[in-house]
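To start, the structure itself, in structure tokens.
Each value in this text was obtained by applying a stated rule to the coordinates, not by laboratory testing. In this text, all values refer to a predicted model and were calculated from it rather than measured experimentally. Ideal geometry is used to build each Cβ from the backbone, glycine not excepted, and the neighbour counts take in all protein chains shown.
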């Protein structure tokens, strides 16, 4: 049965988020608010938790998962970034974007794309998630909370609890999120002097990307 943490969206109660962080440390998958709908999140280096997240979402290993970071200072451990890419990332983060980058060897092979060795990276702009990341002390692995067989992400915490309470460890209720996915941009073409490639237009505007 999923625990339910109702927190203030701007000033979340640390006591409740510490409990949520403890569940993550135990290998649980939890539902978290972001700046673009709710997402399922777990520890990066916990194979069982990652496998569980994929089972809940009913996605295979070819589907890219997203690394959620508190800020860009954590970036170098997980992705290879040149100066052009970093300038663009700095312009657009925090915000509702997912960037596809070349993964470093620090990223477990089961997490990166099996053919391309890439990883999706996010620095979301949400106070609750930022505080949870700080308490956890490391990035989280996540996937937009889109129920199997559906196309729209969920943004209501109570509905998430009703649907997934037997499958996940907790739901963090910070009120309704925007029900719109992130803008996804592939930055790997920039490695060869090319330009960013738009994969999906979502909530993040294209102007800061030069697209």
Self-check item: Over the chain: helical MRE at 222 nm, DSSP H runs n ≥ 4 each giving -39500 (n - 2.57), nearest 500
Solution: -7000 deg cm²/dmol
Quiz item: Which FRET efficiency, nearest 0.05, do residue 61 and residue 10 yield, Cβ-Cβ r, R0 41 Å?
Solution: 0.65
Exercise. Can you tell me the relative contact order of the chain? Whole percent, Cα pairs under 8 Å, sequence separation 6 or more.
Key: 33
Quiz item: Is the shape of region 66-184 best called rounded, prolate or oblate, per the rule: a/c under 1.5 gives rounded, else a/b larger than b/c gives prolate, else oblate, with a ≥ b ≥ c the square roots of the Cα gyration tensor eigenvalues?
Solution: prolate
Practice problem: For residue 1 paired with residue 156, estimate the spin-label separation in nm (one decimal), with each label point 7 Å from Cα along the Cα-to-Cβ line. | Solution: 2.3
Self-check item: Alpha-carbon centroid distance for the pair region 152-190 / region 41-111, whole angstrom
Solution: 16
Quiz item: Taking only Cα atoms, what is the 0 to 90° angle, nearest 10, from helix 14-25's long axis to the longest principal axis of the chain?
Solution: 70
Practice problem: Just subtract the alpha-carbon distance of residue 77 and residue 25 from 0.36 nm times their residue separation and send over the number in nm, one decimal. | Solution: 16.7 nm
Quiz item: Kirkwood Rh over Cα pairs of region 3-209 into Stokes-Einstein at 4 °C, 1.567 mPa s: D in µm²/s?
Solution: 76
